[in-house]
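Worksheet: one structure, shown below.
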Amino acid sequence: MISFRVDGRSVAPPYLQIVQQVKQALRMGVLDVGDKLPTVREVVAATAINPNTVLKAYRDLERDGLVEARAGHGTFVRHRPPGPPPGTHSRLGRSLARWVAEARAAGLDDESMESLLRVALRAETEEEIA
Amino acid sequence: MIDVQAVPEAAAAIRTSGLGKRYRRVCALSDCTITVPEGRISALIGPNGAGKTTLLRLLAGLTRPTDGEMTVYGGIPRQDPAFLASIGFLAQEIPLYRRLSAEDHIGAGAHLNPRWDGESVRERLTALTIPLDRAVGTLSGGQRSQVALALTLAKRPRLLLLDEPVAALDPLARRNFLALLTDAVAAGGLTVVLSSHLVADAERVCDHLVMLAASRVQLCGDIEELLAEHQMLVGPRKDTSAIERDHRVVQVTRTPRQVTMLVRRCGPVSDPAFQASDVSLEELVLAYMGQDAPPAPAELTSIGDNQ
């Protein structure tokens, strides 16, 4: 079972935050096929968001074929979203963490690291287009 | 993926048309036409004196309109037990008997209400570890609000009207109060109108908005749809008459170099000189609060100069 965090300051509307958190949990392997999502009332009690928002998020996930609602039982994971297998993210995350530690030791602050990452992403995209 | 998928068409819990209330010479509310669908939590937002309390009191049948019409679940709000049984109204000042305990209030409610569910109050308050046997005057402000809300819910109303329920509460008490409220809505069969000037809470809890300013309705509708209809346009200071012709300009800020406009879109904004971005609920509310009256297209071209 996972719990959701809804950030009122985020630009993403609350329902989208829930959708993204479910997808993220599936990618990271926190959630797996057959797992149950918290019920609407459980989410509402924990986060004090509108129940219709939770329903809308679950409907969205259902439309994408990721979860299915079983009447009287709850909402269950049916598929993982397309993408690399769950281990990939944590493996890449660990190597990124090593890179961050190295950059920090070299005296880079967060902002310089973020801009380095952005530059690298952009360079890679341009290569693809070229 | 960000398409706003409409919630299946629900019946209206509240429908008003041209509703108005005058107190002698003072106009508290005028030409108020709104629809709130069933099952929603609607935020009633507006500056102090905008007419929020007046609208809630009209809907609760506590006062009669001087103009227009309104229905709540098809019935006309009035001082009639059959109508009042379906309405829960929690006034701003949290009307409880300070020397009586929650349990005393539960007993009194059982005598006064036909569909009373006293057990639900005990369950809700016990879950919140609020003592049932202490005089409510000795409880904290947050606990008192929760007692009042739990008692209002025990009526099993179909429409719950809350007047600034969280304004005086600290952040934790506010969260607990709103969790109690959203949980009751999740259980089904309840529509809520909640007046507030705290936009952050509204954004989290509400999915429908009624915005009042200067005794008039400025906005009414599904919050996500309203946000999707509005955009902030930033561009060089140049002739903006084309945009003003094609869209409804809500607010314009001009500096010597730049124009910033909040517009209600009628179709996509095509001018490449302007950068369009999404608006937050707070920006939207503030922009409409800045208006004294609903904008008529004729007035708009005269906002600032168009050079």
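Around B:T182, with a cut-off of 10 angstrom between Cβ atoms, what is the net charge of the other residues, counting Lys and Arg +1 and Asp and Glu -1?
Around B:T182, the surrounding residues sum to +1.
Simple spin-label model, 7 Å along Cα-to-Cβ: A:V30 to A:E127 in nm?
Going by the 7 Å Cα→Cβ label model, 3.1 nm.
What percent antiparallel are the DSSP beta bridges of segment B:147-245, to the nearest 5?
Bridges in segment B:147-245 that DSSP calls antiparallel: roughly 55 percent.
Give me the distance between the Cα centres of segment B:23-70 and segment B:155-182, rounded to whole Å.
19
To the nearest 10 Å², what's B:K21's accessible area with a 1.4 Å probe?
20
Quickly work out the A:R118-to-A:E68 label distance, labels modelled 7 Å from Cα along the C-beta direction, and quote it in nm with one decimal.
The modelled label-to-label distance comes out at 4.4 nm.
Counting pairwise Cα distances across chain A, what percent come out greater than 24 angstrom?
Every Cα pair in chain A considered, those over 24 Å come to 46 percent.
What is the protein assembly as shown by shape, rounded, prolate or oblate, if you read a ≥ b ≥ c off the alpha carbon gyration tensor as root eigenvalues and call it rounded for a/c under 1.5, prolate for a/b larger than b/c, and oblate otherwise?
In terms of gyration-tensor shape, oblate.
Would you mind calculating the relative contact order of chain A from Cα pairs under 8 angstrom and at least 6 residues apart, reporting the percent as a whole number?
24
Starting from the amide H of B:H230, placed 1.01 Å from N in the peptide plane, find each other amide H under 5 Å away whose residue is 5 or more places distant or on another chain.
B:R265
Whole-Hz Karplus ³J(HN,Hα) for segment A:35-44, in order, using 6.51 cos²θ - 1.76 cosθ + 1.60 and θ = phi - 60°, x for Gly and Pro?
6, 9, 7, x, 6, 3, 5, 5, 5, 5
In cubic angstrom, how much convex hull volume per residue do the alpha carbon atoms of segment B:187-234 span?
123
If you take the accessible area of B alone, add that of A alone, and subtract the area of the pair, what total do you get in Å², probe 1.4 Å, to the nearest 100?
What B and A bury together is about 1900 Å².
What full-extension length gain, to one decimal in nm, is calculated for B:S140 and B:R245 as 0.36 nm per residue of separation minus the Cα-Cα distance?
32.4 nm
Under a crude label model (7 Å from the Cα following the beta-carbon direction), how far is A:M1 from A:R41 in nanometres?
1.3
How big is segment A:30-81 in terms of Cα radius of gyration and Dmax, in angstroms?
10.7, 28
Using r as the Cβ-Cβ distance of B:L112 and B:D271, and R0 as 51 Å, what FRET efficiency do you calculate, to the nearest 0.05?
The computed FRET efficiency comes out at 0.25.
Alpha carbons only, please: Rg and Dmax for segment B:51-189, in angstrom.
Calculated on Cα positions, Rg and Dmax stand at 15.1, 46 Å.
Which order do B:H111, B:H247 take by accessible area at a 1.4 Å probe, largest first?
Descending accessible area places them as B:H111, B:H247.
If you fit an axis through the alpha-carbon atoms of helix A:86-105 and take the longest principal axis of the Cα set of chain A, what angle between them do you get, 0 to 90°, nearest 10?
On a 0 to 90 degree scale, this one is about 40.
Loop only by DSSP, 13 or fewer other Cβ within 10 Å of the Cβ. Give me the GluC sites (Glu not before Pro) in segment B:1-105 that pass, ordered by residue number.
B:E9, B:E93
Counting only protein heavy atoms and a 1.4 Å probe, tell me what percentage of chain B's accessible area is made up of carbon and sulfur.
Carbon-and-sulfur percentage of accessible area, whole number: 51.
Where both partners of a DSSP beta bridge lie in the protein assembly as shown, what percent of those bridges are antiparallel, to the nearest 5?
Antiparallel: roughly 70 percent of the beta bridges in the protein assembly as shown.
If ligands, DNA and RNA are left out, what is the accessible area of A:W99 with a 1.4 Å probe, given in Å² to the nearest 10?
100
Suppose all protein chains stay in the model; what accessible area per residue would a 1.4 Å probe give for the protein assembly as shown, in Å²?
With all protein chains present, the protein assembly as shown gives 51 Å² per residue.
Work out the FRET efficiency for B:D104 and B:A168 from their Cβ-Cβ distance, taking R0 = 25 Å, and round it to the nearest 0.05.
0.60
In Å, the Kirkwood hydrodynamic radius of chain B over pairs of distinct alpha carbons?
Kirkwood hydrodynamic radius for chain B: 21.1 Å.
Given Cα positions, please report Rg to Rh for segment B:38-86, the hydrodynamic radius being the Kirkwood one.
Rg divided by Rh gives 0.98.
What pairs in B:K21/B:K155; B:K52/B:K155; A:K56/B:K21 have C-alpha atoms more than 31 Å from each other?
The pairs that break the limit, which is 31 Å between Cα atoms, are A:K56/B:K21.
What is the angle, in °, between the Cα long axis of helix A:110-129 and the longest principal axis of the Cα atoms in chain A? Nearest 10 is fine, range 0 to 90.
Relative to chain A, helix A:110-129 is tipped by roughly 90 degrees.
Using a 1.4 Å probe over the heavy atoms of the protein chains, calculate the carbon and sulfur portion of the accessible area of segment A:9-130 as a whole percent.
57
The values are calculated or read from the model by the stated rules, or taken from the named source; none is laboratory data. Everything quoted here is computed from the prediction, not taken from an experiment. So basically every Cβ, Gly included, is an ideal-geometry build from the backbone, and we count neighbours across all protein chains shown. To get the accessible areas, we keep the full protein, side chains included, count just its heavy atoms, and leave off ligands, DNA and RNA. Shrake-Rupley method; radii C 1.70, N 1.55, O 1.52, S 1.80 Å.
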